[in-house]
């Protein structure tokens, strides 16, 4: 069953006399239960594609549906409800409230969900934290948690509204190699439990943890292939991070 369908998606930006064609006709289908990684060099269009997938922007032309919901027919005012009910966001920077406990951070999206009534928000948030292995850190604020634990809280927050899919934007960009491995294994476990994940990353070795790799260049999909050897992803990640340690440090990981 397809839960994401893009057909002929373009996105053009007019800057004075210049028209920047960020996306040039994207066709993409993501089936329920997939784990796909989107890659591409700077300027390839992957950030623009993520913004459209996340209902943060509207395409210039083309159609986009989420679980049969036609996003093209929605008004921008409806996008907040669509994001909160259908999409779970995981960001590079965690975006947690610093003076708020892990449990309260995860509860927050439930209070903004106008599409369904939540009988027991505390219990639902607790269950989401237990799902990511933080059932014993409910009352900890972010400064009392490691980077990996903070990202787990962010993942629990993304899961708490039972979204159609998770949209992860460079989710390991601020993490060291060991913690990156932990988070990617968690994503694999969540995916094996039936959660659909779409991840944007600039690291091919992180993308190897997904089941499918989609590569963009100049606003077009130039490659869409299954990952052949996911079993070697951990070893490949360690080797790549070691070989690129100076670059990785400069990027603030």
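Only the coordinates and a few stated rules stand behind these numbers; no lab work does. Not measured: the values here are computed from a predicted model. We place every Cβ from the backbone using ideal geometry, glycine too, and count neighbours over all the protein chains shown.
Here residue 146 and residue 17 are evaluated by their C-beta separation; at R0 = 41 Å the FRET efficiency comes out at 0.25. Quick check on the stretch 104-177: take the gyration tensor over C-alpha atoms, sort the square-rooted eigenvalues as a ≥ b ≥ c, and tell me if it's rounded (a/c under 1.5), prolate or oblate. Because a/c hits 1.5 or more and a/b fails to exceed b/c, the stretch 104-177 counts as oblate. Between the stretch 123-170 and the stretch 8-38, the alpha-carbon centres lie 29 Å apart. Sorting the segments 52-62, 36-46, 160-170, 91-101 by their mean number of nearby beta carbons within 10 angstrom, highest to lowest, gives 160-170, 36-46, 52-62, 91-101. Under the classification rounded if a/c is under 1.5, otherwise prolate if a/b is larger than b/c and oblate if not, where does the chain fall, given a ≥ b ≥ c as square roots of the Cα gyration tensor eigenvalues? Because a/c hits 1.5 or more and a/b fails to exceed b/c, the chain counts as oblate. Scoring 172-184, 11-23 by mean Cβ neighbours within 10 Å over their residues and listing the highest first yields 172-184, 11-23. Using the Cα coordinates of the stretch 42-125, the gyration tensor eigenvalues translate into equivalent-ellipsoid semi-axes of 27, 18, 9 Å, sorted from longest to shortest.
Measuring r between the beta carbons of residue 77 and residue 178 and using R0 = 45 Å, the FRET efficiency lands at 0.55.
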